[in-house]
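The values are calculated or read from the model by the stated rules, or taken from the named source; none is laboratory data. Only a predicted model underlies this, so the values are computations on that prediction, with no experimental measurement involved. So basically every Cβ, Gly included, is an ideal-geometry build from the backbone, and we count neighbours across all protein chains shown. With ligands, DNA and RNA removed, areas are computed over all heavy atoms of the protein, side chains included. Shrake-Rupley method; radii C 1.70, N 1.55, O 1.52, S 1.80 Å.
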Amino acid sequence: MVSKLRTAFKNIKVIVVTELLLMVVMVSTIVVKADAINDRRVVTTYLNLATLKTISSDNKSSKTTGMKATITNAETERNIKVAEDKRASVISFARQFIGKPYVLGGKSLTNGCDCASFITLVYKEYGYNWKMGSVNTLYDNCGGTLVSVDDMKPGDIIFFGRGTRRLHVAMYAGNGRVVHAMDPAHDICEIDLYKPGTKNTYSGKSILAVKRIIN
């Protein structure tokens, strides 16, 4: 009888220990799963934060680039407007002397000048101090940027000639017209650059070069 009780007690202990071990295993499994879930949440959160940081950086970069482009465009537009106003002012000043005498070698806008000195004296009013002289002297000293005939703007300097010889110079006034000290018969005047309905210049001379002083 006692032997049976001992055997039964041993069996109960085995069952209890087995059940306890099973419970430990189950709890451990739950903890491991929970940690794995938490790890995934941490990784996901980190990735989301990194993505947000990248998006934020991209947005800041985009805004900075946009602001720079806006500032650059504004500066470009302002510079264009300043140049246009200056060109208009040069033409307006040159027109004040229409009717004044043409004098070969003259150096006065009011008392007389020739084609090269007329251009030189007009631009001198705007701070351009070029050597006084012939058409070639003006070409060599005025600097500027060469532009095409089709791209002329008011204030551009047009050099006329035959072959390679520069013989005359005038200032483009806009709308297909030039202002210049033409000759003793016409004095300082404003006329059409081309003969009506043609691309032949008023004098028949070729346009050898066009220089832009105000960019």
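Quick rundown of the values:
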quantity	calculated
Computed accessible area, residue 135, all protein chains, 1.4 angstrom probe, square angstrom	10 Å²
Percent RCO, i.e. relative contact order, over segment 95-215, from Cα pairs under 8 Å lying at least 6 residues apart	28 percent
Simple spin-label estimate for residue 140 and residue 175 in nanometres, 7 Å along Cα-Cβ	3.8 nm
Accessible area, probe 1.4 Å, largest first, for residues 182, 67, 132	67, 132, 182
Potential extension, residue 153-residue 95 segment - 0.36 nm per residue separation minus Cα distance	19.3 nm
Surface share of carbon and sulfur [accessible, 1.4 angstrom probe, percent] for segment 72-123	52 percent
Cα gyration tensor, segment 115-184 - rounded (a/c under 1.5), prolate or oblate	rounded
Pairwise Lys count, segment 69-197 - Cα closer than 25 Å, eight or more residues apart or different chains	16
Ranked order, 158, 71 - accessible area, probe 1.4 Å, largest first	71, 158
Amide H partners (placed H, <5 Å) of residue 169, local residues excluded	160
Other-chain or far-sequence residues with amide H under 5 Å of residue 100's (modelled H)	188
Label-point separation in nm, residue 103 to residue 84, each point 7 Å along Cα→Cβ	3.9 nm
Segment residue 205-residue 65, extension gain: residue separation times 0.36 nm, minus the distance between their alpha carbons	45.3 nm
Ranking by accessible area, most exposed first, for 107, 195, 211 with a 1.4 Å probe	107, 195, 211
Å² per residue, accessible surface of segment 110-205 at 1.4 Å	48 Å²
